[in-house]
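Take a look at the structure set out below.
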Amino acid sequence: MASVAIGEVYKSFGAVEILHGVSVNIEDGEFVTLVGPSGCGKSTLLRMIAGLEKISRGQIAIGERVVNNVAPKERDVAMVFQNYALYPHMTVAENMAFSLMLKGVSKPESDAGVRRAAEILGLVPLLARYPRQLSGGQRQRVAMGRAIVRDPAVFLFDEPLSNLDAKLRVQMRAEIKELHQRLKTTTVYVTHDQIEAMTMADKIVVMHDGIVEQIGPPLELYDRPNNLFVASFIGSPAMNLLRGEIATDGSPSFRGAGGISVPLVSALSIRNGEPVVLGIRPEHLRLSDEQGIPVTVAVVEPTGSEVQLIGRTAGGEEIVANFRERHSFTPGETIRLTAEPSLIHLFHAETGQRFQTRTDQ
Amino acid sequence: MAVPSAAIQPRPSIFSRILSRWSESRNALGFGFMLPAAALLLVFLTYPLGLGVWLGFTDARIGRPGIFIGVENYEYLWSDAVFWLSVFNTLLYTISASILKFALGLWLALILNQNLPFKSFFRAIVLLPWVVPTVLSAIAFWWIYDSQFSILSWALMEMGLIDHRINFLGDPENARASVIAANVWRGIPFVAITLLAGLQTIPQSLYEAATLDGASRWQLFRYVTLPLLTPIIAITMTFSVLFTFTDFQLIYVLTRGGPVNATHLMATLSFQRGISGGQLGEGAAIAVAMIPFLLAAILFSYFGLQRRKWQQGGGD
């Protein structure tokens, strides 16, 4: 087991710079997810940790050792690929034993290692099969088994669940998390699925266009997103964002398009007339009688556990609200929605950075 | 209502009833669609093959149909030293040319699979020997191997490596090596390009996984490339062996089987005896004698190399 220190790492492919100075510190035994939309550089960063891509600038250290010029096989990392990358001509047992065989481990010792990993993952009945004879979830498990057998310092996962169907994905998510709790090996996990990131990680690194937008525990990212990108990326359905400005005449409030007015916490240090983006999570919106944002109901989606409502403000901006209660709405009717001022996020309209309110501290 | 209206309909004729039953049967319909292709195969493959086999059992000559003489042709060939020499030549030619084509073709494919500058240009160039009609390239080789004007002899003499011209096609050993070299030159592109196509189907992530598992470059080739390429190698080499075994054009242009039958292959001997010599029956018998060798090559490839357990999907 080892920590991983990524310091000011840059990556260019030819003239195109993909990563613009990324720094992340991963503690020993931590489960870290790199999350971001496709093309943000998260997989490239993972491959640089593995040694499959060269580091253009900056440095990566695994444990105490800087690995910039260390060959992949010397780095003591194991990787699980998106397409599993199982050797099709080897049985499950041979796939798992391959790295041990290359290391020159004796047959009985390697058999024992494979057996142990297979027991952890429930692969014992499948050991004699070929990858083609396995289902997607089983292949996924073999790929993890191959990584476990090596007992590496760091596990790397490159979108391992994206080839699975939704139900299996949820199941494997739990299995990977359980595995980590059992083995406590440092894990770096790349995904574009923010729910995967939220549910599995000790720490999330949100990446976008080759930079790190925010690093933190899942709930911190959810509760206090640093900027508009993180705010809209983390959480499902996404946070509602309304454009407008601050009014501090009287009690502080937000004025938006179509005459919307939303009361804010009083402990606010933003000057009058400042253009801002207001963010409210769908699950924080409440129905109200008199006050609140007037919203015209467009679509109602009851899922059983909750009711999701999609509507439009008078300014034409879309708003999504989630209710645990089974309210019934008719499309076209106008309702009013409010939110607890302390649950409202404010972002700078131009830079997208979060305005700190005193309740943040 | 349907019952009375059906009752007044006239009974359909037997012909139209058969037709409608056929058009409803999937098997009959499938059989019907296969007929044109089957007819082509029958006329252009089965009939000539059958005729060849039949001629082998007759004493037919050009201009004379011939009568059935049983295995007399084969008995004659059994005691014919030239026939056995041609069998030996054919095996030597096929085995050595195929080994060389495989080794060089695989090597070339591995090089072309790297990220080279002008990659597609080189890939196109490699195909040239394969694209040029055999007779043309054979004539070119004829000049290269000429006893007086050979560019090879000239170049080697200019470099001071030899002091007299090489008698490429006049000496039995040299002639064998020369025709094998020409055949290898012609056959490499087919092997290289087919194996290259096979190499490109191997996912990059397998190499990455093996690299992380600790494989060296040689181990990547030994444990990833080679096993995954085996099915393609089997197909490619089967074809290559069949083409080489039945080669005719190159020999016919370069040596016509000479000197002293040293380069006579079964195909050229068959032509010489059957067409040039007019002994159709005997020529056909030589050609038919190639069939067991070809069948053996196909069966070996099919059972020995192509059927890999890991390729068979599903099934518990």
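Cβ separations smaller than 9 Å between residues 6+ apart or across chains give the following pairs from region B:156-179 residues that are under 15 Å from B:ILE251 (Cβ atoms) to residues that are of a type in the set (Asp, Glu) and modelled with pLDDT of 80 or more: B:PHE168/B:ASP146; B:LEU169/B:ASP146; B:VAL179/B:ASP247. A:ARG271 meets the conditions (1) touching a Lys or Arg at 6+ places or on another chain (Cβ under 9 Å); (2) not in a strand (DSSP E or B) in every case but one. The failed one is (1).
A:ALA117 falls short on exactly one of the conditions (1) in contact with a strand residue (DSSP E or B) (Cβ under 7 Å, 6 or more places away or on another chain); (2) closer than 24 Å to B:GLY214 by Cβ; (3) among the aliphatic types (A, V, I, L, M), and that condition is (1). Taken across region B:223-240, residues that are in a helix (DSSP H, G or I) and closer than 12 Å to B:SER86 by Cα do not occur at all. Look at (1) over 24 Å from A:HIS192 (Cβ atoms); (2) buried (at least 18 other Cβ atoms within 10 Å of the Cβ); (3) at pLDDT 90 or above and you find that A:ALA2 fails only one, number (3).
Scan region A:9-17 and tell me whether some residue there is away from chain B (no Cβ under 14 Å), in contact with a helix residue (DSSP H, G or I) (Cβ under 9 Å, 6 or more places away or on another chain) and under 21 Å from A:ARG146 (Cβ atoms).
no
The set of residues in region A:139-158 being within 12 Å of chain B (Cβ to nearest Cβ) and not hydrophobic (A, V, I, L, M, F, W, C) consists of A:ARG146, A:ARG150, A:PRO152, A:ASP158.
Please work out if B:LEU220 is touching a helix residue (DSSP H, G or I) at 6+ places or on another chain (Cβ under 9 Å), part of a helix (DSSP H, G or I) and within 14 Å of chain A (Cβ to nearest Cβ). Yes; evaluated as a whole, the condition is true for this residue. Residue count for region B:185-217, restricted to those that are at the interface with chain A (Cβ under 7 Å from one of its Cβ atoms) and under 24 Å from the mean Cα position of the chain (by Cα): 0. Mind listing just one residue for me: the one in region A:60-114 that is surrounded by fewer than 16 Cβ atoms within 10 Å (Cβ to Cβ) and among the basic types (Lys, Arg) and, of those, farthest from A:GLU8 (Cα to Cα)? Per the criteria, the residue is A:LYS107.
State whether the residues of region A:160-174 include one that is in contact (Cβ under 8 Å) with a residue 24 or more places away in the chain, over 29 Å from B:THR201 (Cβ atoms) and within 14 Å of chain B (Cβ to nearest Cβ). No - not one qualifying residue is present in region A:160-174. Only a single criterion out of (1) within 28 Å of the chain's Cα centre (by Cα); (2) more than 13 Å from chain B (Cβ to nearest Cβ); (3) β-branched (Val, Ile, Thr) is not satisfied by A:VAL124, namely (1). Could you check region A:286-298 and list, in sequence order, the residues that are surrounded by fewer than 19 Cβ atoms within 10 Å (Cβ to Cβ), of a type outside the set (Lys, Arg) and assigned to a strand (DSSP E or B)? Across region A:286-298, the qualifying residues are A:LEU287, A:SER288, A:PRO294, A:THR296, A:VAL297, A:ALA298. Against the test of being part of a helix (DSSP H, G or I) and farther than 24 Å from A:ALA247 by Cβ, the options A:GLU283, A:GLU301 yield a single qualifying residue, A:GLU283. Scanning region B:64-75 for residues that are without any contact (Cβ under 8 Å) to a residue 40 or more places away in the chain and not in a helix (DSSP H, G or I) yields B:ARG64, B:PRO65, B:ILE67, B:PHE68, B:GLY70, B:VAL71.
Could you go through region B:239-252 and let me know if any residue there is within 14 Å of chain A (Cβ to nearest Cβ), of a type in the set (A, V, I, L, M) and either over 19 Å from A:ALA78 (Cα atoms) or over 14 Å from the mean Cα position of the chain (by Cα) (or both). No; the residues of region B:239-252 include none that is within 14 Å of chain A (Cβ to nearest Cβ), of a type in the set (A, V, I, L, M) and either over 19 Å from A:ALA78 (Cα atoms) or over 14 Å from the mean Cα position of the chain (by Cα) (or both). State whether the residues of region B:151-167 include one that is modelled with pLDDT under 90, within 30 Å of the chain's Cα centre (by Cα) and of a type in the set (D, E, K, R). Within region B:151-167, not a single residue is modelled with pLDDT under 90, within 30 Å of the chain's Cα centre (by Cα) and of a type in the set (D, E, K, R).
The values are calculated or read from the model by the stated rules, or taken from the named source; none is laboratory data. As the structure is a prediction and not an experimental result, all values here were calculated from the model. A quick note on method: Cβ atoms are made from the backbone with ideal geometry, for glycine too, and the neighbour counts reach across all protein chains shown.
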